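Bear in mind that the values in this text are calculations on the coordinates, not laboratory data. What you see is a predicted model, and the numbers here were worked out from it, not measured in a lab. Virtual Cβ from ideal backbone geometry, glycine too; neighbours counted across all protein chains shown.
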Amino acid sequence: MQILGIESSCDETGVALVETTGSDMPRLLSHALYSQIEMHQAYGGVVPELASRDHIRRVLPLTRQVLAEAGGTLADIDVVAYTRGPGLAGALLVGSGVACALAASLGKPVLGVHHLEGHLLSPFLSADPPEFPFIALLVSGGHTQLMRVDGVGRYELLGETIDDAAGEAFDKSAKLMGLPYPGGPGLSRLAEQGNPTAYKLPRPLLHSGDLDFSFAGLKTAVLTQSQKIGPAAHTEGAPERADLAASTQAAIVEVLVKKSMTALKTSGMKRLVVAGGVGANRELRAQLNAACAKAKVRVHYPELHLCTDNGAMIAMAAAMRLQSGVQKAQAHYSFDVKPR
Ligand code: KG4
Ligand code: ZN
């Protein structure tokens, strides 16, 4: 069975083709991605209306590209999957509208996928996929969650952020340092030249005893610290700026690592899966690798280029849901996006 997956929840248009054979791990045949980031950079963040219009421009050429790369045609598609939410309403409507129209014209069923489940299952696209059960740390621009995962569709939320997401903390702090949107990757590159202990920043909820996160206070502390530093906090080449980036990253990473290790310890699980855009962060990976090696825990990440939004994770999640029987594709082509 061939499943076409379409992702359009935010500022990347992703399309992919995944194939399932019996109960074997679904196989990625091809995928294509168009990032709108450059277009939004001029505004310092995503402009929803522009995002929707750009998804419309990109989605069909990407679909053609994916089919051509797989050596197939529209007639080979058995199911069309799309991101149902969460995300920007207008952007989601483009992906779901195209998916439903395509499926209806082919007489094939559709399947709506939860964006976070796409991230969660994205490590199954790697050469060395995880095995159930595991603890998942989901860290994206909009979410920060710890989950117990016993199988496809069997997810228990253990803790989550009570305010900002980890990616948001990276992005908002980066903005204060004059870095372009989205600031996470830039801040992490800048941090490599800085001293992570230069500035004392809070580690919110580090000792709260539960598995919840909070990053809003950290963002305020970074603002206060940058005001104390003055213009050097956002001047290119200033050592203070690199120190502030390193100190901010250290605070975020320490909390993520500590809570992940607590979740592993209290659940007795010996496997950790990290997913979502912030999962690309090198310092987070280094520290999680070290902590997991010490605790004899296997840790899995998606391939670096599949950490941020993409169509492959949506096609994969759909394939795994169909294969495990937790969801059936349906020939109902009504608009049912769930922005929240
Ligand atoms: O998963 P994702 O592509 O989109 C959402 O579903 O939100 O995550 C995007 C987030 C942004 O906040 C971005 O700054 C962050 O992931 N990010 C990073 C890195 N790469 C992406 N944060 C820190 N270090 C990185 N290397
Ligand atoms: Zn995402």
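Give the lysines whose C-alpha is closer than 21 Å to that of residue 172, dropping any in the same chain fewer than 8 places away, or say none.
The qualifying lysines are 200, 219, 228.
With each pseudo-label sitting 7 Å past Cα toward Cβ, what's the residue 223-residue 328 distance in nm, one decimal?
5.2
How about the stretch 157-230: which trypsin sites (Lys or Arg not before Pro) there lie in a loop by DSSP and see at most 14 other Cβ atoms within 10 Å?
200
Counting DSSP beta bridges in the chain, what percent are antiparallel, to the nearest 5?
60
Just to be sure I understand: of the beta bridges DSSP finds with both ends in the stretch 128-301, what percent are antiparallel, rounded to 5?
Around 60 percent antiparallel, to the nearest 5.
In whole angstrom, note down how far apart the Cα centers of the stretch 70-93 and the stretch 117-131 are.
About 19 Å separates the Cα centre of the stretch 70-93 from the one of the stretch 117-131.
In the chain, once you exclude exposed GluC sites (Glu not before Pro) (DSSP loop, at most 10 other Cβ within 10 angstrom), what's the longest stretch remaining?
Longest run free of exposed loop sites: 1-130.
By a straight-distance test (C-alpha under 16 Å), which lysines pair with residue 265 as possible cross-link partners, with residues fewer than eight away in the same chain excluded?
Once the sequence-local lysines are set aside, what remains near residue 265 is 294, 296.
Among all the aspartates and glutamates, which ones have a C-alpha under 15 Å from residue 258's C-alpha, if same-chain residues fewer than 8 places away are not counted?
160, 210, 212, 283
Hey, rough spin-label estimate for residue 27 and residue 75, points 7 angstrom out along Cα→Cβ, what's it come to in nanometres?
2.2
What shape does the stretch 128-301 have by the C-alpha gyration tensor, where a ≥ b ≥ c are the square roots of the eigenvalues, rounded means a/c under 1.5, and otherwise prolate means a/b greater than b/c and oblate the rest?
Prolate, because a/c is 1.5 or more and a/b exceeds b/c.
Once the other residues with Cβ under 11 Å from the Cβ of residue 163 are scored (Lys, Arg +1; Asp, Glu -1), what is the net sum?
Charge balance in the 11 Å sphere: -3.
Summing Lys, Arg as +1 and Asp, Glu as -1, what charge do residues with Cβ under 9 Å from the Cβ of residue 299 carry, residue 299 excluded?
Result for the local shell: +3.
Let me know the Kirkwood hydrodynamic radius for the chain, please, with Cα pairs as the basis and the value in Å to one decimal.
In the chain this quantity evaluates to 20.5 Å.
Along the stretch 326-340, what does the Karplus equation 6.51 cos²θ - 1.76 cosθ + 1.60 (θ = phi - 60°) give for ³J(HN,Hα), rounded to whole Hz, x for Gly and Pro?
These are the phi-based 3J(HN,Hα) values: 6, 8, 10, 6, 10, 8, 10, 10, 7, 6, 9, 5, 10, x, 10 Hz.
Kyte-Doolittle cut-off 0.0, length cut-off 15 Å along the helix's own axis using Cα: show which whole DSSP H helices in the chain pass.
Helices passing the filter in the chain: 89-106, 216-229, 239-267, 311-324.
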